[in-house]
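Have a look at the structure below before the remarks.
The values are calculated or read from the model by the stated rules, or taken from the named source; none is laboratory data. Source: prediction; values computed, not measured. Glycine also receives a Cβ, built like all others from the backbone with ideal geometry; neighbour counts cover every protein chain displayed. For the accessible areas, the whole protein counts, side chains as well, though only heavy atoms, and no ligand, DNA or RNA atoms are used. Shrake-Rupley method; radii C 1.70, N 1.55, O 1.52, S 1.80 Å.
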Amino acid sequence: MRLALAQLRIESGDVDGNVERARAAVAEAAADGADLVALPEVFNVGYFAFEGYARRAESVAGPTVSALAESAREHGVGVLAGSIVEDLADSRADGVDTPAGEGLANASVFLDRSGERRAVYRKHHLFGYGSAEQELLTPGEAVPTVEFGDHTVGVTTCYDLRFPSLCRDLVDAGATMVLVPSAWPYPRVEHWRLFPRTRAVENLLYVGAVNGVGTFEDAELLGRSAVYDPWGTTLSSAGDEAALVTADVDADRVVEVRSEFPALEDRRR
């Protein structure tokens, strides 16, 4: 299976433009043979555009995800609709299970090749450190996986990388690949290089960490999206400009590595 990470240039508050750039990236990735395309965290609004979260929030069945579902159908690819700012009340009105009846969440939506919604993952660990995220958002509760191609795919989001137990929960659910939509800023370059690779090594699975690029009022996204294999080897990566990062990810390789180095079987808790 070919995975593509769409490292998008994200413009603060430019929802229409950001969604069009996302759709163009899906089309380009599909033309290059991708089976699954992942987008960055809050790619439509811009993660650091906190003042616009409430007025630009929408259902996971709303216009942003619907546009990406159309792209998935048109090109016959799976799409992880990075994450969006979700209006929980609107999602619930659309018949979607939500962790609360109202408020906002940071929600990633997994769409299959026919554009059908297969899973919604809402970011569990909300960033502090002077961020408005904890004030604005409701944390997620569910840890879904999706069968796609020969993989069992899980999702975490950005700051979740610092909490390894979440990835272990996905391993216990059978995950062979974890996708991590992110909005990781300078100056924490070394942390961004360390955590996704570490999650791959300690869980013996693929990790696709997809970041954005772009400058906000008080932050700049550092890009450097990358795909790591179950040994932690970098299969493909980018710099700090808009790019597509593609790699072939073979679920049989996960089985081979786990058989060769069965560390997961040695866990005591």
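Screening Tyr53 against (1) assigned to a helix (DSSP H, G or I); (2) crowded, with 18+ Cβ neighbours inside 10 Å; (3) out of contact with any strand residue (DSSP E or B) (no Cβ under 7 Å at 6 or more places or on another chain) leaves a single unmet condition, (3). Could you name every one of the strands (runs of 3 or more DSSP E) located completely within the range 103-175 that has at least 2 residues being farther than 23 Å from Leu264 by Cα? Answer list for the range 103-175: 104-111, 117-122.
In this structure, is Phe163 out of contact with any Cys (no Cβ under 7 Å at 6 or more places or on another chain), crowded, with 19+ Cβ neighbours inside 10 Å and of a type in the set (Phe, Trp, Tyr)? It is false that Phe163 is out of contact with any Cys (no Cβ under 7 Å at 6 or more places or on another chain), crowded, with 19+ Cβ neighbours inside 10 Å and of a type in the set (Phe, Trp, Tyr).
In the range 78-89, of all residues being of a type in the set (A, V, I, L, M) and touching an Asp or Glu at 6+ places or on another chain (Cβ under 6 Å), the one that is surrounded by the fewest Cβ atoms within 10 Å (Cβ to Cβ) corresponds to Ala89. The residue pairs whose first member lies in the range 114-135 and is at positive phi, whose second member is open to solvent by less than 60 Å² (accessible area, probe 1.4 Å), and whose beta carbons are closer than 6 Å, counting only pairs six or more residues apart or on different chains, are Gly115/Ala69; Gly115/Ala72. Restricting attention to the range 72-89, the residues that are under 17 Å from Ala119 (Cα atoms) and in a helix (DSSP H, G or I) total 3. Note on the range 203-216: residues that are open to solvent by 10 Å² or more (accessible area, probe 1.4 Å) and β-branched (Val, Ile, Thr) total 1. Can you name the strands (runs of 3 or more DSSP E) wholly within the range 217-260 that have at least 2 residues being in contact with a helix residue (DSSP H, G or I) (Cβ under 8 Å, 6 or more places away or on another chain) and either in contact (Cβ under 8 Å) with a residue 24 or more places away in the chain or surrounded by 20 or more Cβ atoms within 10 Å (Cβ to Cβ) (or both)? It comes to 226-228, 243-248. Residues of the range 5-27 that are hydrophobic (A, V, I, L, M, F, W, C) and open to solvent by less than 50 Å² (accessible area, probe 1.4 Å): Leu5, Ala6, Leu8, Ile10, Val15, Val19, Ala22, Ala25, Val26, Ala27.
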